[in-house]
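A quick write-up on the structure given underneath.
The values are calculated or read from the model by the stated rules, or taken from the named source; none is laboratory data. Not measured: the values here are computed from a predicted model. Please note: Cβ atoms are built from the backbone with ideal geometry, for glycine as well, and neighbour counts cover all protein chains shown. The area values use the complete protein model at the heavy-atom level, side chains included, leaving out ligands, DNA and RNA. Shrake-Rupley method; radii C 1.70, N 1.55, O 1.52, S 1.80 Å.
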Amino acid sequence: TETNLSSNKAYPRMLNTNYLKAALGEVICPPPVWVMRQAGRYLPEFREVREKYDFFKVCQTPELACQITLQPIDRYDGLLDAAIIFSDILVIPQAMGMEVQMLPSKGPHFPCPLISPEDLNKLRMPVVKDVLSYVFEAITLTRHRLNGRVPLIGFSGAPWTLMAYMIEGGGSKTFSKAKAWLYRYPSESKQLLAKLSSVIADYIVEQVLAGAQAIQLFDSWAGELSPKLYKEFGIPFLEEIVTVFRKKLIDAQITERIPLTLFCKGAHSSLKDLSDLDIDVLGLDYTMEAIEASKNITKRICLQGNLDPCALFAETETLKELTNENLKEFDSVGLPHIVNLGHGM
Ligand code: CP3
């Protein structure tokens, strides 16, 4: 079947829809596979491109982003069941006017992070379709170049994780600055989270209109919040995004169900609340157990995950055993499964 035929651009016929089928509730045997951060530094061909160009320059150049997205699909021809567009979650803070650099061996760095609520005035509400047009162009190009081999996943960071980066100015061990906002400035924090949610909802709708066939939201720092804080500052904004996303797709006359995955790393106590949202797939990280997770969720939903990325350092035989154990555990749950790591490669 033709997935996401938007307006008058005809996309190539899909040859492998296992990822989409599993995401929409079918048990597929063997289950489909993709890998978070499958286009990244472990690939020599990725490092070769990165030697020549700045990280965000690659994100902003559709031809390069497309080329990198296809690298793992070509190298592991026939073994992966989905591609994820090459980009980064931090393009949203950039679109809102913040400078972000990618420092070699240090990761993302914001020279001027948000320090106090007055800094919220410096953020602009972008016209997403224009400011992030390079992402949408990369998606359309990649959808065509994939030639139907596998579906293309679009993604965004979730509000709390983006807020955490915008305040911390980069990675953090404790997230104490961002969490201090939640305790000291709860209403201004919610203003920021609401702004982010509105931008994110537009962003993932535009990705679908550009040819993305599924969406994943990354809430990488969900587990840094207490269950109570996550229920107040995390989940309501995810709910808002999901509601607006579904509504805007209907308004845009996209009638097919676009699978939505939530990957909320460390959100053990919130799995039930997350599964209650209008989503299709729940991503499990490597600290979660499929059996335990399935007991918490209240409706039939696909589970994605969750081999520990560091298991890839094991001897090959051990890695095979660990993989088989992981498959068996998900199999025993009886829900649809998408095989993945429990965090990025
Ligand atoms: O999964 C994919 O292959 C798609 C591309 C993708 C990237 N980043 C490319 C990238 C995706 C989905 C992301 C999401 C992302 N970015 C997250 C959420 C997922 C997660 O890991 O929890 C986060 C937190 C970021 C922010 C970010 N970007 C960090 C912390 C870093 C540096 C550390 C690291 O893991 O590399 C990046 C850089 C980044 N994003 C690289 C890639 C391929 C490496 C950049 C380089 O070449 O130096």
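Adding -39500 (n - 2.57) for every DSSP H run of four residues or longer, then dividing by how many residues the chain holds, sets the calculated 222 nm ellipticity at -13500 deg cm²/dmol. Across Tyr203, Tyr183, the residue with the most accessible area heads the list, and the full order at a 1.4 Å probe is Tyr183, Tyr203. Accessible surface of Val333 in the full protein assembly, 1.4 angstrom probe, to the nearest 10 Å²? Rounded to the nearest 10, that gives 40 Å². With an a/c value of 1.5 or above and a/b not larger than b/c for the gyration tensor axes a ≥ b ≥ c computed over the alpha-carbon atoms, the range 177-300 is described as oblate.
Given a 1.4 Å probe and the protein chains as shown, Lys328 ends up with an accessible area of around 150 Å².
Quick check on the chain: take the gyration tensor over C-alpha atoms, sort the square-rooted eigenvalues as a ≥ b ≥ c, and tell me if it's rounded (a/c under 1.5), prolate or oblate. Since a/c stays below 1.5, the shape of the chain is classed as rounded.
Of Thr61, Thr261, Thr174, the residue with the greatest mean-square motion in the GNM of the chain, using alpha carbon springs below 10 Å, is Thr174. The label-point distance for Glu48 and Tyr134, in a model that sets each label 7 Å from Cα toward Cβ, rounds to 2.3 nm.
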